[in-house]
1. Yes or no: the stretch 459-467 includes at least one residue that is in contact with a Leu (Cβ under 6 Å, 6 or more places away or on another chain), among the β-branched types (V, I, T) and closer than 30 Å to P402 by Cα.
2. What pairs come out if I take residues in the stretch 401-428 that are on the phi < 0 side of the Ramachandran plot and pair them with residues that are among the aliphatic types (A, V, I, L, M) and surrounded by fewer than 18 Cβ atoms within 10 Å (Cβ to Cβ) whose C-beta lies under 7 Å away, six or more apart or interchain?
3. Look through T177, T172, T161, T130 and report the one residue that is under 17 Å from T281 (Cα atoms), surrounded by 22 or more Cβ atoms within 10 Å (Cβ to Cβ) and modelled with pLDDT of 90 or more.
4. Among the candidates L55, L64, L59, which residue alone is closer than 30 Å to I284 by Cα, touching an Asp or Glu at 6+ places or on another chain (Cβ under 8 Å), aliphatic (A, V, I, L, M) and not in a loop (DSSP other than H, G, I, E, B)?
5. Kindly check whether there is at least one residue in the stretch 490-501 that is loosely packed, with under 15 Cβ neighbours inside 10 Å and touching a helix residue (DSSP H, G or I) at 6+ places or on another chain (Cβ under 8 Å).
6. Within the stretch 354-386, track down each residue that is surrounded by fewer than 18 Cβ atoms within 10 Å (Cβ to Cβ) and out of contact with any helix residue (DSSP H, G or I) (no Cβ under 7 Å at 6 or more places or on another chain).
7. Report, by residue number, each residue of the stretch 373-404 that is touching a Leu at 6+ places or on another chain (Cβ under 8 Å) and in a loop (DSSP other than H, G, I, E, B).
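The values are calculated or read from the model by the stated rules, or taken from the named source; none is laboratory data. The model shown is predicted, which means the values in this text are computed figures rather than measured ones. Virtual Cβ from ideal backbone geometry, glycine too; neighbours counted across all protein chains shown.
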Amino acid sequence: MPVFNLVDDPWLHGEPAVATDGHSAGLDGHEYGLREMLLESHRFTGLTVEIATMLPALLRQVVLPVVVDALGQPKSTADWLDRFRRGAFSPAECQRLSSYLEEWRERFELFDPVAPFGQAGGLRTAKGDTKGAALIVATAATGNNVPLFSSRTEGDTLALTPAEAARWLLHTQCWDTAAIKTGAVGDSQAKLGKTTGNPTGPLGHLGVVVPLGRTMYETICLNIPVNPDGRADAGMPHWRRQPQGPTWTIRGADGVLDLWTWQSRRIRLFPEDTPDGPRVTRVIVAAGDRLRELPDTEPHTAWTLPATGKAKPGAAPVLLRPRRHQPGRATWRGLDALLAVRRHEAPATTHKDGFATSVLLDQLRGVLDHLPPDYPLQIDLTGVFYGNQSAVVDDIFHDATPLPLQALPQDSLIRATILMATEQAEQLARAVNTLSADLRRAAGAEPIPWDKGQRPGELVLHRLDPLVRRMLTGLRDAGDDEDLIQRGCLAWEQLAWRHTRQIADRVITTAVPSAFTGRTVEQNGREVVFRLGSAAANFRRRMREILWHAAAAHSAGPTVDSVTASTEDSVYV
């Protein structure tokens, strides 16, 4: 049986930074053990992963729980701030981390016959069969899950190095598909060699939100929730519990450490010796523990509070539910929820859902005055979209966006500017869609349905996406300089005007000749004339209403186009 211990054997990729030998780390695919990654975390900018969804899996399943279990959670905002400002683990903390890893070293053995890390030792099926290692690799073809651009078929053998197997093992515990799983010997709830009704991995229900700092150390700090006065028991990670067997339960999480290291599957890796070293080619993935409910203290998601009018009479009140990401929708289009920094700041009404931001972003608000206003906070968002009864992966969502810290206070000018700009982008897309719909009606056709085909408003959002991101980055440097913020706001509007008008011009030039004379359509009991001239005029009026800063500047001086020519690289857009 090969020996591979996650404490010191290399398996984590570090992003470019200054390593202990003074050379750039991570550029050559170099891997590090858990001990070095933690003790030298201030020398790494972060983790490099094969797939975006692997980052929260590695943080939650190993990195964060080791730190919290060894050092404890911050007991106050001041305690958290003291850790964060330090920029690195102190010598005493490094000693405690090393001692902790030595104490539990045996439980970090990947191929231990009794208690392999993250697995159930001795797991087997009644027929003694196994499946290919592709079963735990989200990007590999297996069964009905066939990635569109995969160059590998299910018949091809996939041989994972121990490091690769460890990473995909943790990814499976977090994101595995639902439905039928292999029935293991000793699982009393398995029938006919199968276990049904399995939910997806615990992160599959979330729109995962991970704040990222300048270094791995800062990222670790940003992802550890404060525990005032030790009121909540952090619980234990799985490696401090009894070794797993084939049995599983439905229960609630005992604390954040239990939640982070949740064992949603019983897995066993089967290594074999090859000329290239040990490789994992066969696995078993069986049913694991199921969460009875997701605690609202889950730190890595924003929340939706369903509208009160949706509740059935006599039913129990609807609790917070995780706010999932929407496929194809950029992060900045949902910043209203991420910026609701006070929990339940946007409560539900009878007909409208409310929302609350994540615990981790919420606690940042309490330290704003003690952090640099231009701190380069990044928000990393990931999610998985499942299909066919959640038994296959349809798509993976990933987006990362800069978030100015000064956008967190409720009354900040930067917050208002961001929310105004993102709403303007949405309104511009709707204005172009309305223009398209009016021109189609003028030609005797029906508007493009909102859920079918591509409407031109999507092209607007695509064009504006890099401008919004540049503005968010620039706002981090603006601080409380109101003049700079106002100039940036004007520059954003002028550029948004140019790009939106270019797409609108394309829509107009594709109009058929009959759109000039137009058609009369009955709407809401009255006749309405749709023609190209009125549609274009209505669009221009709507543009002036939406981008009123740019419209005012246009009326007071040069044309909008002549101004935008000089603002492409000005201010921060």
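1. Yes: the stretch 459-467 contains one or more residues that are in contact with a Leu (Cβ under 6 Å, 6 or more places away or on another chain), among the β-branched types (V, I, T) and closer than 30 Å to P402 by Cα.
2. Partner pairs satisfying both residue conditions: L405/L368; L405/L371; L408/L368; P409/L368.
3. On inspection, the qualifying residue turns out to be T172.
4. L55
5. Looking for residues that are loosely packed, with under 15 Cβ neighbours inside 10 Å and touching a helix residue (DSSP H, G or I) at 6+ places or on another chain (Cβ under 8 Å), one finds none in the stretch 490-501, hence no.
6. R365, D369, P372, Q378, F385
7. Matches in the stretch 373-404: P373, Y375, L377, L403, P404.
Every residue, every condition in (1) surrounded by 22 or more Cβ atoms within 10 Å (Cβ to Cβ); (2) over 30 Å from N198 (Cα atoms); (3) outside the structural domain of G204 (by TED's automatic domain parsing), yes or no:
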| site | (1), (2), (3) |
| --- | --- |
| N388 | no, no, yes |
| D395 | no, no, yes |
| D399 | no, no, yes |
| L419 | no, yes, yes |
| E426 | no, yes, yes |
| L435 | yes, yes, yes |
| R441 | yes, yes, yes |
